[in-house]
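What follows is a single structure, written as structure tokens, with notes after it.
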Amino acid sequence: MTKGSPLDGFRVSLDEVRWIGSGLSRPESVLCLRTGDIFASHRPGGVSWIRSGGAIERIGADEDVVPNGIARLADGSFLLANHRDAGGVYRLTGDGEVRPFLTEIDGVTLPSVNFVYRDLQQRIWLCVSSPRKGDDQYRHDVNDGYIALVEGGTARVVAGGLCWTNECRVDPAGETLYVNETFGRRLTKFRVAANGDLSQRALVTEFARDTFPDGLALDVEGGVWVVAVGSNRLIHVSPDGRQHVALEDSEPDHMVRLADALDRHELTRPMLMNNQSRKLRNISSIAFAGEDRKTAVLGCLGGDALATFRLPIAGAEPAHWRDPV
């Protein structure tokens, strides 16, 4: 953020937050189209379609799949990152059929997958937070997360050594990939080669000890909007790494307890899910809606609706933005 930035003095009041949808189930990941249609992950294995007119339709209901991140393909089908220990990525067709898309890489079974993403170059990226199971993965000294790329029918790991890999995004030029390392409490970037190889790993910014970055999205000015799980924080990170907290709904003592638990290697999933706030319900991701892409729509882990409000900067256009419904 620089002098004269649209973010100068910008802060979202909880009174400004409105809601989209109802009866949603674990809407962790959100996709928005220019038509006004919104898609959110839905438990069990499917997607909630919030039509532009407000009606809600469920697509798919596979009990063996808990979708975390979701991606929409050009043909209107979806990829679901399976959060269950069984792991893998699954394809959801328009008629609700769920079938495996990717279950192993180089003969190694995929564990729980956190995120899946289609970029403007039509490549598919997926993020594995950790191959560990249970609460032993929620540590700041465990760096076994990785990023994989699927292109031309072939999948391969392109980056490893990450501390609980969460969401990733590629810039519109296709040259830089940004990724959140949740329990490393940092935003990292890589250079993307023409063949999809990742190199030149660099730190963009480190967050406060009680900020656990989860979802992210890019804006048209090169900034990164980061959603922090547990604290209900939305933070704008400028290209030079400076942070601007645009929204927060947390209980300070609770956040101290979470940070202390992480430092002592005692953090558990129930602790992270124990949302303590006034209005927001453990926000986890961000997407941009509206004709100008200045309406933020937030996914969450604990609510049944999506929080929304206006932003002063437009989001970058995602690969699915212009896809037909």
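Across segment 30-45, what is the number of residues that are within 19 Å of Thr295 (Cβ to Cβ) and assigned to a loop (DSSP other than H, G, I, E, B)? Spell out how you get there, then give the answer.
Here is the first cut: in segment 30-45, the ones within 19 Å of Thr295 (Cβ to Cβ) are 30-40.
Cutting the leftovers down to assigned to a loop (DSSP other than H, G, I, E, B) gives us 33-37.
Result for segment 30-45: 5.
Pick from Ser129, Ser112: which is open to solvent by 20 Å² or more (accessible area, probe 1.4 Å) and of a type in the set (S, T, N, Q)?
On the way: Ser129 fails: open to solvent by 20 Å² or more (accessible area, probe 1.4 Å).
Just a single option satisfies the conditions, and that option is Ser112.
Does Met271 count as open to solvent by 10 Å² or more (accessible area, probe 1.4 Å) and either assigned to a helix (DSSP H, G or I) or on the phi > 0 side of the Ramachandran plot (or both)? If you could, list the steps in order and put the result at the bottom.
Numbers: open to solvent by 10 Å² or more (accessible area, probe 1.4 Å): yes; either assigned to a helix (DSSP H, G or I) or on the phi > 0 side of the Ramachandran plot (or both): yes.
Criteria met by Met271.
Provide a single number: the residues in segment 22-36 that are open to solvent by 30 Å² or more (accessible area, probe 1.4 Å) and in contact with a strand residue (DSSP E or B) (Cβ under 6 Å, 6 or more places away or on another chain).
1
What residue, among those in segment 143-175 that are at negative phi and part of a loop (DSSP other than H, G, I, E, B), is least open to solvent (accessible area, probe 1.4 Å)? Don't jump to the end; show me each part of the working.
First, pick out the residues of segment 143-175 that are at negative phi: 143-151, 154-160, 162-163, 165-173, 175.
Still in the list and also part of a loop (DSSP other than H, G, I, E, B): 143-144, 163, 171-173, 175.
Values: Asn143: 74, Asp144: 45, Cys163: 0, Asp171: 32, Pro172: 77, Ala173: 64, Glu175: 82 Å².
Only one residue tops the list, namely Cys163.
Can you name the residue in segment 176-230 that is among the aliphatic types (A, V, I, L, M) and part of a loop (DSSP other than H, G, I, E, B) and is also most open to solvent (accessible area, probe 1.4 Å) among such residues?
First, pick out the residues of segment 176-230 that are among the aliphatic types (A, V, I, L, M): 177, 179, 187, 192-194, 198, 202-204, 208, 216-218, 220, 224, 226-229.
Subset that is part of a loop (DSSP other than H, G, I, E, B): 193-194, 208, 220.
Numbers: Ala193: 40, Ala194: 106, Ala208: 53, Val220: 89 Å².
By that ranking, first place goes to Ala194.
Report, ordered by the first and then the second residue, all pairs with beta carbons closer than 7 Å, sequence separation of six or more or different chains, a first member in segment 141-158 that is without any contact (Cβ under 8 Å) to a residue 24 or more places away in the chain, and a second member that is of a type in the set (Lys, Arg) and outside any loop (DSSP other than H, G, I, E, B).
So the pair list comes out empty.
Would it be correct to say that Leu187 is among the aliphatic types (A, V, I, L, M) and in contact (Cβ under 8 Å) with a residue 60 or more places away in the chain? Let's see the steps before the verdict.
On the way: among the aliphatic types (A, V, I, L, M): yes; in contact (Cβ under 8 Å) with a residue 60 or more places away in the chain: no.
Answer is no for this residue.
Against the condition assigned to a strand (DSSP E or B), modelled with pLDDT of 95 or more, open to solvent by less than 10 Å² (accessible area, probe 1.4 Å) and not charged (D, E, K, R), how does Ala259 come out, does it pass?
Working: assigned to a strand (DSSP E or B): no; modelled with pLDDT of 95 or more: yes; open to solvent by less than 10 Å² (accessible area, probe 1.4 Å): yes; not charged (D, E, K, R): yes.
Spelling it out, it is not the case that Ala259 is assigned to a strand (DSSP E or B), modelled with pLDDT of 95 or more, open to solvent by less than 10 Å² (accessible area, probe 1.4 Å) and not charged (D, E, K, R).
The values are calculated or read from the model by the stated rules, or taken from the named source; none is laboratory data. Computed from a predicted model, the values in this text were never measured in an experiment. Using ideal geometry, Cβ is built from the backbone for each residue, glycine included, and neighbour counts are taken over all protein chains shown. Quick note on the areas: whole protein, heavy atoms, side chains included, nothing else; ligands and nucleic acids left out. Shrake-Rupley method; radii C 1.70, N 1.55, O 1.52, S 1.80 Å.
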